[in-house]
1. When the Karplus curve 6.51 cos²θ - 1.76 cosθ + 1.60 is applied with θ = phi - 60°, which whole-Hz ³J(HN,Hα) does each residue of the range 335-348 get, with x for Gly and Pro?
2. Amide H neighbours of Lys110 under 5 Å, counting only residues 5+ apart in sequence or on other chains, H built in-plane at 1.01 Å?
3. Counting only protein chains, not ligands or nucleic acids, how are Thr360, Thr525, Thr400 ordered by accessible area (probe 1.4 Å), most first?
4. Below 12 angstrom from the Cβ of Arg451, what's the summed charge of the other residues (Lys, Arg +1; Asp, Glu -1)?
5. What residues have an amide H closer than 5 Å to that of Asp547, excluding those fewer than 5 places away on the same chain, when H is modeled at 1.01 Å from N in the peptide plane?
6. Counting pairwise Cα distances across the chain, what percent come out greater than 39 angstrom?
7. Take every DSSP beta bridge whose two residues both sit in the chain, then give the antiparallel share in percent to the nearest 5.
8. Taking every pair of alpha-carbon atoms in the range 444-572, what share in percent sits in each 5 Å bin, from 0 to the bin with the longest distance?
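The values are calculated or read from the model by the stated rules, or taken from the named source; none is laboratory data. Predicted model only: the values in this text are computed from it and were never measured. Neighbour counts run over all protein chains shown; Cβ positions are idealised from the backbone, glycine included. The area values use the complete protein model at the heavy-atom level, side chains included, leaving out ligands, DNA and RNA. Shrake-Rupley method; radii C 1.70, N 1.55, O 1.52, S 1.80 Å.
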Amino acid sequence: MYYFLNSNRRPFLLLTLISLFFIFSNCARGTLGQNISDEYHNGMVVCAYPDAAQVGLNILKKGGNAVDAAVAVQFALEVTHPEAGNIGGGGFMVFRSAKGETNTLDFREKAPAGASQNMYLDSAGNVIPGMSISTHASSGVPGSVDGMVEAHRKYGHLKWAELLQPAIDLAHNGFNITKRLANDLNRTGSEFKKLNPGGNYLSKDDGWKERDLLVQEDLAKTLEQIRDKGRDGFYDGIVADQIVDEMKDGKGLITKTDLQNYHSVWRNALIGNYKGYKVITMPPPSSGGVALLQLLQMVEKYPLSRWGFNRDSTVQLMVEAERRVYADRSKYLGDPDFYNVPVDSLLRPAYNASRMSNFTWDKATPSTSIQPGKITGYESDQTTHYSIVDRGGNAVSITTTLNNSFGSKIFVKGAGFLLNDEMDDFSSKPGVPNMFGLVGGKANSIQPNKRMLSSMTPTILEKDGKLFMVVGTPGGSTIITSVFQTILNVVEFNKSMQQAVSSKRFHHQWLPDEVDVEKGAIDSTSRAKLEQKGYKIVERGPSGRVDAILKTKWNYYEGGADPRGDDTKMGW
Ligand code: DON
């Protein structure tokens with residue numbers, strides 16, 4: 001005591017107190033051992049490619065809001081992330097303004113008017129393998145350009161042309177590709193060649209290497225059309241003609257009328273609650289929001305945080321909830337403009353409690369004994385996600401897709417972009433799995449102008465009336481369970497945003513009846529206990545690329561960029 005009180009020692013006392021303050025405050029924030037510079041007060045962009053993240057950050061710094069940055073990132077990803085980016089595809093946006101207003105935009109692709117229920121079946125009624133994937137007939141009418149125009153019209157602040165220009169520059173001047181993109185391009189090179197006999201610029205005879213310059217002149221011209229003419233720069237005029245010519249060359253279905261008739265739709269956000277967190281998510285035609293809210297309801301009453309991250313009880317409970325929710329998805333989810341999707345019934349707490357009533361701790365419930373639930377009162381590997389927050393506190397969560405990696409792998413000749421193969425997300429035939437192993441029936445059957453069901457789950461969480469998290473991911477059927485786990489990792493297991501995103505994941509989707517796990521997701525003791533109860537555990541490769549932002553209680557933003565990809569977080 002004398003040591004500290006002695007006046008000669010007072011400077012030391014002060015220093016000691018200051019050091020202790022820093023140590024304790026950093027411990028409380030859980031940031032010891034992390035990069036403390038991962039704290040941003042003015043805004044953040046987390047997306048799939050570094051150059052696109054930089055574009056978004058520049059827009060925010062220029063005074064653009066989150067929607068402006070989203071538009072710029074969307075077009076920049078078209079150039080830098082051809083696996084999934086996206087003027088030839090579609091997606092969903094969930095928006096929350098700084099004041100708490102919520103909205104969603106559905107710019108999902110639609111079946112062309114010439115599509116029909118049995119279009120992928122042969123004369124014997126069997127699904128023709130691959131026809132809904134790598135053919136001209138696998139493409140839905142693209143929605144992304146209309147979506148961006150609509151989002152900007154309603155919420156944008158900066159000029160449209162200013163948001164397109166960075167993407168045009170990247171396409172025109174080129175950018176140095178990452179090792180991962182070089183590998184992806186090399187892996188797909190022979191398919192690009194086979195499917196585009198007229199030539200393409202993504203395959204390279206001597207192979208791509210890290211840091212090679214990728215220049216896309218045709219794409220730059222297409223983006224200039226969109227910059228100068230907005231919606232008409234894509235759905236009318238030269239680019240529309242190029243799309244229709246491409247369709248004629250390859251027996252595709254999209255016509256000029258389909259393009260002119262395409263419009264994205266504003267839909268009320270789906271809102272749920274988990275332990276006091278408000279969950280703002282995407283309604284149908286995505287199944288993601290409904291499924292996420294059902295899953296959260298099913299596990300809410302259990303002490304997950306006490307059991308611990310990926311311990312056997314935690315995994316068992318989550319897997320059993322997933323099994324039941326994916327069974328419901330197969331029967332009840334589809335495009336609400338065509339099918340009466342029983343959203344309210346599926347989200348009734350009593351319904352979800354009853355779905356879990358036959359769950360037992362003793363053993364796995366076989367999927368054969370689980371059917372879609374009975375609802376009372378009711379008749380009848382590539383996508384990309386980005387999360388953005390701006391200085392004012394507006395938040396945008398967008399997932400967009402071409403479906404497969406590089407979509408159908410078919411270019412629109414002369415226009416420099418790839419077409420989606422989203423038609424595979426329809427159920428080609430009841431009970432026959434699509435490329436993600438998902439089954440469906442009437443709700444998601446093919447009909448002209450209908451939107452195919454999606455699993456994309458762009459989501460925003462709010463706590464005590466304030467922004468809490470922006471989250472989403474690609475990953476086909478695993479999207480829903482990856483978002484589910486990322487939310488629980490923060491809310492139940494107290495992980496930082498980056499830890500929550502990086503943590504290993506597992507997945508169950510009713511059929512096939514197996515738990516897919518990333519290597520190391522479940523420790524050997526928990527795994528042995530689960531196997532003893534009859535769970536079939538199958539190791540798989542990396543699952544999803546979650547890009548998320550957390551608003552901490554210290555009021556700064558903390559990003560989580562998925563280390564499974566080139567995903568990048570940038571803030572200021
Ligand atoms: O909308 C869907 O659910 C799918 N088309 C998403 C595909 C996907 O995430 C593939 N990426 N890894």
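1. The phi angles translate into 6, x, 6, 10, 9, 6, 7, x, 4, 4, 5, 5, 9, 6 Hz.
2. It is Val141, by chain and number.
3. Thr525, Thr360, Thr400
4. Within the 12 Å Cβ shell, the charges total -2.
5. Long-range HN contacts for Asp547: Gly472.
6. Percent of Cα pairs beyond 39 Å in the chain: 26.
7. Restricted to the chain, the bridges split so that about 90 percent are antiparallel.
8. 2, 10, 18, 20, 17, 13, 10, 7, 3, 1, 0
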